[in-house]
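Engineer: Structure provided below as structure tokens; questions to follow.
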Amino acid sequence: MEAYYAQLLPSDADLKVRHYVGDPPSAEGAGQRVLMPKAVALVIVSWPEGWFLYRYGPRASFAGDTWHQTLDHAYEQAEYECGTGIEWMQVPDDAGDPIEFVRKSVL
């Protein structure tokens, strides 16, 4: 499994996109939406279904995810949300679960 991660710099704190839990306000019967934490780390993982961009906030709190058809699309989404200049690093092949690796060693 191929995976990459990046830690966001404090200057990235004003992100373009914020993620929520819950239906959008325009949805019929929509409940209350809850704002997810701002991302401080990103993880991109290749799964059989495609590439997933995961976001994690302070204290390894989940901050959203999106599916992408290619690695380049995941990179593009990350740059759109967080700006250019993200320094990606590859998760070591022997790390096991890439998300747990990042949650334990980066956050």
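Engineer: Would you mind finding the one in G31, G85 that is outside any strand (DSSP E or B), modelled with pLDDT of 85 or more and surrounded by fewer than 17 Cβ atoms within 10 Å (Cβ to Cβ)? Explain how you work it out, then say what you get.
Structural biologist: Details: G31 fails: modelled with pLDDT of 85 or more.
Among G31, G85, only G85 is outside any strand (DSSP E or B), modelled with pLDDT of 85 or more and surrounded by fewer than 17 Cβ atoms within 10 Å (Cβ to Cβ).
Engineer: Return the residue satisfying two criteria in turn: it lies in region 34-55 and is outside any strand (DSSP E or B) and not acidic (D, E), and of such residues it is surrounded by the most Cβ atoms within 10 Å (Cβ to Cβ). Working first, answer last.
Structural biologist: Quick first cut of region 34-55, residues outside any strand (DSSP E or B) only: 36-40, 48-49.
Cutting the leftovers down to not acidic (D, E) gives us 36-40, 48.
Values: M36: 16, P37: 16, K38: 18, A39: 28, V40: 21, P48: 5.
Checking each candidate, the answer is A39.
Engineer: Hey, can you tell me all the residues within region 80-102 that are among the β-branched types (V, I, T) and out of contact with any Pro (no Cβ under 8 Å at 6 or more places or on another chain)? Quick ask: steps written out before the conclusion?
Structural biologist: First pass over region 80-102, keeping only residues among the β-branched types (V, I, T): 84, 86, 91, 99, 102.
Correct list: T84, I86, I99, V102.
Engineer: Taking region 7-28 as the search range and keeping residues that are surrounded by 13 or more Cβ atoms within 10 Å (Cβ to Cβ) and farther than 14 Å from A63 by Cα, which one is modelled with the lowest pLDDT?
Structural biologist: D12
Engineer: Here are the criteria: (1) touching a residue at least 24 places away in the same chain (Cβ under 8 Å); (2) surrounded by 12 or more Cβ atoms within 10 Å (Cβ to Cβ); (3) at positive phi. Tell me which single one R59 does not satisfy.
Structural biologist: (2)
Engineer: Also, I was wondering about something else. What do you reckon, is W67 touching a Gly at 6+ places or on another chain (Cβ under 6 Å) and either under 21 Å from R18 (Cα atoms) or at pLDDT below 90 (or both)? Can you show your working first?
Structural biologist: Details: touching a Gly at 6+ places or on another chain (Cβ under 6 Å): yes; either under 21 Å from R18 (Cα atoms) or at pLDDT below 90 (or both): yes.
Yes; evaluated as a whole, the condition is true for this residue.
Engineer: Something else: Search region 65-91 for residues that are more than 14 Å from Y54 (Cα to Cα) and charged (D, E, K, R) and pair each with any residue that is surrounded by 12 or more Cβ atoms within 10 Å (Cβ to Cβ) and at pLDDT 95 or above when their beta-carbon atoms are under 7 Å apart and the residues are at least 6 apart or on different chains.
Structural biologist: E87/A6
Engineer: OK, next. Condition (residue is among the small types (G, A, S) and under 19 Å from R103 (Cα atoms)) applied to region 82-90: is it met by at least one residue? Spell out the reasoning first.
Structural biologist: Residues of region 82-90 among the small types (G, A, S): 83, 85.
Within this subset, residues satisfying the condition of being under 19 Å from R103 (Cα atoms) are none.
No, region 82-90 contains no residue that is among the small types (G, A, S) and under 19 Å from R103 (Cα atoms).
The values are calculated or read from the model by the stated rules, or taken from the named source; none is laboratory data. As the structure is a prediction and not an experimental result, all values here were calculated from the model. Here Cβ is always computed from backbone atoms with ideal geometry, including for glycine, and neighbour counts include all displayed protein chains.
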